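Rule-based calculations on the coordinates, nothing more; no lab input. Since this is a predicted model, take the numbers as computed values, not measurements. Cβ: placed from backbone, ideal geometry, glycine included. Neighbour counts: every protein chain shown.
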Amino acid sequence: MKKLLASIFLIAVPVALLAETPAKAVNKPVLHSPVSHLETKTPTTPSVPTVWATEAVLTPAELAIAQRVYQGRLPCELGAFVSLTADAKSPGYFDVQIKNQKYRMLPVETSTGAIRLEDRQAGAVWLQLANKSMLMNHKLGQRLADACMNPDQALVADMLNKNPGPSILDAPTAVAAK
């Protein structure tokens with residue numbers, strides 16, 4: 001909360017200085033870069049234009065990633081649950097909650113093909129693989145939830161348990177010469 005107030009102050013002060021210059025005073029809202037990926041209206045004095053924090057516009061690749069995110073209340077190990085909800089007003093953005101912790105996340109491209117959502121300000125990361133998902137907070141250095149699965153992921157996890165792939169520690173198999 002302190003960081004949000006500090007960010008609002010840092011945005012509002014330059015706007016207030018601009019409003020004191022008659023040539024730059026405008027009655028239209030002033031758009032600024034995202035503040036914690038939250039859409040907020042900052043209360044200001046009547047002489048200062050309204051300041052709107054906007055959410056970052058997502059690329060087509062990021063929107064495609066967002067289409068593949070499993071949503072709902074996902075059970076995790078140790079009886080935990082994570083709730084993932086897409087924001088209908090901001091395509092590609094997700095609200096993620098575990099217990100009393102809430103995060104505002106957006107998709108991030110990866111080189112591995114894993115689905116990754118991030119809340120950069122809070123340091124939270126949601127990783128979704130074929131067989132499980134996990135929620136981590138790198139600022140706290142903690143894994144908040146592991147082995148979270150929707151029904152599709154549970155099927156893949158069960159299949160991998162029954163038919164595990166080869167281990168890198170196994171001896172290589174001989175390849176027939178041609």
Of all GluC sites (Glu not before Pro) in the stretch 73-122, the ones in DSSP coil with at most 16 other Cβ atoms within 10 Å are E109
Dipole of the stretch 80-129, positive direction: furthest Cα of A114, A88, Y103, with charges on the beta-carbon: Y103
Work through the residues other than M149 whose Cβ is under 12 Å from its Cβ and net out their charges, Lys, Arg +1 and Asp, Glu -1. -2
What spacing in nm lies between the two simple spin-label points modelled at A56 and A114, each 7 Å away from Cα in the Cβ direction? 1.9
Projected label distance in nm at Q67 and L140, using a 7 Å step from Cα toward the beta-carbon: 3.4
Counting Lys +1, Arg +1, Asp -1, Glu -1, what net charge surrounds K102 among other residues with beta carbon under 13 Å of its beta carbon? -1
Taking 2.2 N^0.38 Å as the expected size of a compact globular protein, what ratio does the Cα radius of gyration of the stretch 89-167 give against it, to two decimals? 1.21
May I ask for the net charge around P60, where only other residues with Cβ less than 15 Å from the Cβ of P60 are counted and Lys, Arg are +1 while Asp, Glu are -1? -1
